[in-house]
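Written below as structure tokens is the structure these notes are about.
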Amino acid sequence: MFSAEFQREGLVRDGELVVGKEFSNVKSFRSRIDEAEGFSGVWEIVKDTVKASLGEQRLGMLLFLDDLPLHLGAYHPLGTNNIVLNRSLVNIVEAVTKSRRLVNAFVYSLLTHEYLHALGHISEAEVRSLVYDVSRACFGDDHIVTTLAEKSPWVLIKGIPLSTIAAPKQAMEIVKDFEKPNQGYIV
């Protein structure tokens, strides 16, 4: 096991500062986020980048889509294995950007934030900093994922008057096959 602690400068693991350190698989993560299909494709990247940079993981997460207030991207109800993602907001980003790469970066940022909460990081300030640290380490300084982590995922829809958009409320839905089982059954 390793010891990890949050410090103002970023994450320290086994006495070594992780901030600013890029992994050799940056190109792979960049390619994967650009080409990921659907929420489960982005989710696999979230888990892999968090494990690669922080050494933390959690299995059995579920993703729900709901039409939340547009100032809220997603949330993780503490004590559950659920993440609820704002379907309306993702639809707006899809319509405005018309870019799979940008939508994937947006969804990655939101899911990584909530996954870190699910891993036990409760403080919003700590989680925001960790999302940036993970993004920078795994995608590099000059990637849109890192930009969204540094500034805010909402920069993609800056200038869109969200308060004037009346998104119809639909029933909450679970994303099927969100997390692919990678553990065999023990017989």
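Coordinate-derived values only; no laboratory data. Note that this is a predicted model, so its numbers are computed, not measured. Note that each Cβ is placed from the backbone with ideal geometry, even for glycine, and that neighbours are counted across all protein chains shown.
What the table below lists for this structure:
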| quantity | calculated |
| --- | --- |
| For the stretch 108-187: rounded, prolate or oblate by the Cα gyration tensor [a/c cutoff 1.5] | oblate |
| Relative contact order %, the stretch 22-174, counting alpha carbon pairs below 8 Å whose residues are six or more apart | 30 percent |
| Entries of Lys98/Lys158; Lys47/Lys169; Lys51/Lys180 with Cα pairs more than 18 Å apart | Lys47/Lys169 |
| Contour minus Cα-Cα distance for Leu62 and Asp142 (0.36 nm per residue) | 25.7 nm |
| R0 of 35 Å, Cβ-Cβ distance Ile122-Ala166: FRET efficiency to nearest 0.05 | 0.55 |
| Positive minus negative residues near Leu63 (Lys, Arg vs Asp, Glu; Cβ under 11 Å) | -3 |
| From phi via Karplus (6.51, -1.76, 1.60), per-residue ³J(HN,Hα) for the stretch 136-151 in Hz, x at Gly/Pro | 5, 5, 9, 10, x, 5, 9, 10, 4, 4, 5, 4, 5, 5, 6, 8 |
| Relative packing of 25-34, 158-167, which averages over residues the other C-beta atoms within 10 Å, highest first | 25-34, 158-167 |
| Distance histogram in 10 Å bins (all Cα pairs of the stretch 22-174, percent per bin) | 11, 44, 37, 8, 0 |
| Inter-site label distance for Val96 and Ile174 at 7 Å from Cα along Cβ, in nm | 3.2 nm |
| Neighbourhood charge, 12 Å Cβ-Cβ cut-off, centred on Ser152 and excluding it, Lys, Arg +1 and Asp, Glu -1 | +2 |
| DSSP beta bridges in the stretch 22-174 [antiparallel fraction, %, rounded to 5] | 45 percent |
| For peptides 68-78, 171-181, 100-110, sequence by mean Cβ density within 10 Å, most packed first | 100-110, 68-78, 171-181 |
